[in-house]
Structure formats: C-alpha cells, structure tokens
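Participant: This is the structure I want to talk about, given as structure tokens.
The values are calculated or read from the model by the stated rules, or taken from the named source; none is laboratory data. As the structure is a computational prediction, the values presented were derived from the model and not from experiment. When we count neighbours, we look across all protein chains shown, and the Cβ atoms used for this are built from the backbone with ideal geometry, even at glycine. The protein model used for the area step is the full one, side chains on, heavy atoms only, and it has no ligands, DNA or RNA in it. Shrake-Rupley method; radii C 1.70, N 1.55, O 1.52, S 1.80 Å.
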Amino acid sequence: MVEGVYRFGSRRINWYVLEADEGLTIVDAGLPDHWPQLVDWLDRTGHELDDIAGVVLTHADVDHVGFARILADRGVPVYCHPDDVPLLRSHPQSPPGWYLRNLWRPRFAAYAIEMLRNGVRSVDPVPDVDPLVPGETLPVPGEPRVIFAPGHTPGSCALFVEDRDTLFCGDVLATRNIFTQREGDPQLLGPADEDHAEAAESLARLGGLGTVTLLPGHGDPWRGEIDTAIALAR
Ligand SMILES: [Zn+2]
C-alpha cells in the first residue's frame, strides 16, 4: 500500500494507522469490535498504546467512530470537524431513512448485519474533540493536512499526507459500493450522502493534488491522478 500506512477493519469498512517517527495516528475508528485488531497489531509490531498520539475522524458516521472513545478516555486527542459534532453526539442512534430503505438489498443487509455484530449499537460518543480546521496541518504523527469536503456529512473531511502522496478520503469518495458491495472505481456514496449535490461539488476541493494513493472508508486503495478519480466519481 503506502509505506507506514496500515489498513484495518473488515472487507467492508476501513480504518488506518499512519506511522511516523514521532508515533502513530489513527485515521477513523471503525466499529467498537475492531479494537482488538489495534491492540494485536501494536503487540506484534512492538508498539504501545502510548505511541498513539491522535485519532482523526474523517467524519462522524457511526462506522468511523467505533472505538475512538477508548482512546479519548486515555487522553488521546480526537479530531473531528465541528459541523459533525452533533452527529458524533447522536450515537448510538436509530438508523436513518436511507439505511432502512436499502435493507432489501442482500449485500447491504449483510453490511448492516456486520455492523450490528461489530457493536454499531454500542458506539460511545466522544465527549471532547479537537476541531479539524480546513487547510490546517494537524499536529499529529504524519502531519496530515485537512481538506474540508462536506456533503456526505456536514463536516466530512479528507486528509492529505503530502510526503506520501496519500489521501485518506473517508466517505468523500469510496471504491466499494456500499449498497452492492462491489469493488470499483472511485465513486460517490449516492443515497448515503446527506447532501449529494454538495458532495459532488466538494470533489473540486480535492483537485490539484496530483498522483495519489486514495485510501477510502470503504473499498480498496486506488492509485492514480486525483483528477481522474474526480472525473470517474462525477
Ligand atoms: Zn462510512
């Protein structure tokens, strides 16, 4: 994938560890039951929990907030855009309308069942977060830069790690269709977007990053020109 970047979660849901000399940054926090994956990996690689210097939530959807509370309770700063804090505070909540309307799709139902099995109903909101500020380089290992790209949620952000040509795009773009569960080209999430038109418009904010490895919340990594990714998604 990318040196110093590790992918975790499941086939359907991704979160990442970004490793740098100064320590580790967690990008998104999956579901609560993904926590042992992190503990095991730390053990295997000779790291400690204290090496984790920050958790960055690309947005506050429940399948990205997962185990963040555990780290927050240990004093690790959790970053989230202020416009997603109401969403963050709402967990655990009843599933939204678009979610219920798509449960007839067998592969979406399988995703829903996976979420239930992995603790989606027990996601704890994080009481205090540090704000993601658009354009700011975060003071966490790997120094990701915040690109505000609302639409999927009001506070959705992508994180660009310039020296590794890596873009953690959260659900701004996916490479796996969450309804059909098919892997594919970079794409928008469609009905899962809170404001789909805004999500499409926000893609322009990713322009000009050059060749990147795209690391989405759902789907495999994709490497190529960001402008190609944007064109495919539109
Ligand atoms: Zn998601």
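Participant: In segment 197-217, which residues are within 16 Å of the ligand (Cβ to nearest atom) and either at pLDDT below 95 or assigned to a loop (DSSP other than H, G, I, E, B) (or both)?
Facilitator: The answer is Gly217, and nothing else.
Participant: So in segment 131-151, with the set limited to residues that are open to solvent by 10 Å² or more (accessible area, probe 1.4 Å), farther than 22 Å from Gly210 by Cβ and not in a strand (DSSP E or B), which one is nearest to the ligand (Cβ to nearest atom)?
Facilitator: Going through the qualifying residues, I end up with Val133.
Participant: Against the condition touching a residue at least 12 places away in the same chain (Cβ under 8 Å) and under 18 Å from Gly217 (Cα atoms), how does Gly23 come out, does it pass?
Facilitator: Criteria not met by Gly23.
Participant: Does Ala112 meet the test of being in a strand (DSSP E or B), within 16 Å of the ligand (Cβ to nearest atom), open to solvent by less than 40 Å² (accessible area, probe 1.4 Å) and not charged (D, E, K, R)?
Facilitator: no
Participant: Within the set of pairs 6 or more residues apart or between chains, which connect a residue that is more than 12 Å from His64 (Cβ to Cβ) and of a type in the set (Asp, Glu) inside segment 149-173 to a residue that is open to solvent by 10 Å² or more (accessible area, probe 1.4 Å) and at pLDDT below 95 with Cβ atoms less than 9 Å apart?
Facilitator: That search, which allows pairs on different chains as well, returns Asp165/Val2.
Participant: Oh, and also: Within segment 1-32, work out how many residues are out of contact with any Ser or Thr (no Cβ under 6 Å at 6 or more places or on another chain), within 22 Å of Val129 (Cβ to Cβ) and crowded, with 17+ Cβ neighbours inside 10 Å.
Facilitator: Qualifying residue count, segment 1-32: 15.
Participant: Just checking, does segment 152-159 include any residue being away from the ligand (no atom under 16 Å from the Cβ) and open to solvent by less than 40 Å² (accessible area, probe 1.4 Å)? Let's see the steps before the verdict.
Facilitator: Initially, segment 152-159 is screened for residues away from the ligand (no atom under 16 Å from the Cβ), giving none.
So far as segment 152-159 goes, no, none of its residues is away from the ligand (no atom under 16 Å from the Cβ) and open to solvent by less than 40 Å² (accessible area, probe 1.4 Å).
Participant: Let me ask something else about it. So, in segment 160-194, exactly how many residues are closer than 23 Å to Ala109 by Cα, open to solvent by 40 Å² or more (accessible area, probe 1.4 Å), charged (D, E, K, R) and in a loop (DSSP other than H, G, I, E, B)?
Facilitator: The number of residues fulfilling the criteria is 2.
Participant: Quick one: in segment 145-198, of everything that is charged (D, E, K, R) and touching a Phe, Trp or Tyr at 6+ places or on another chain (Cβ under 8 Å), which residue is nearest to Ile226 (Cα to Cα)?
Facilitator: Among residues in segment 145-198 that are charged (D, E, K, R) and touching a Phe, Trp or Tyr at 6+ places or on another chain (Cβ under 8 Å), the one nearest to Ile226 (Cα to Cα) is Asp185.
Participant: Here's another thing I want to ask about it. Looking at segment 202-223, is at least one residue under 16 Å from the mean Cα position of the chain (by Cα), surrounded by fewer than 20 Cβ atoms within 10 Å (Cβ to Cβ), of a type outside the set (Asp, Glu) and on the phi < 0 side of the Ramachandran plot?
Facilitator: Within segment 202-223, one or more residues are under 16 Å from the mean Cα position of the chain (by Cα), surrounded by fewer than 20 Cβ atoms within 10 Å (Cβ to Cβ), of a type outside the set (Asp, Glu) and on the phi < 0 side of the Ramachandran plot.
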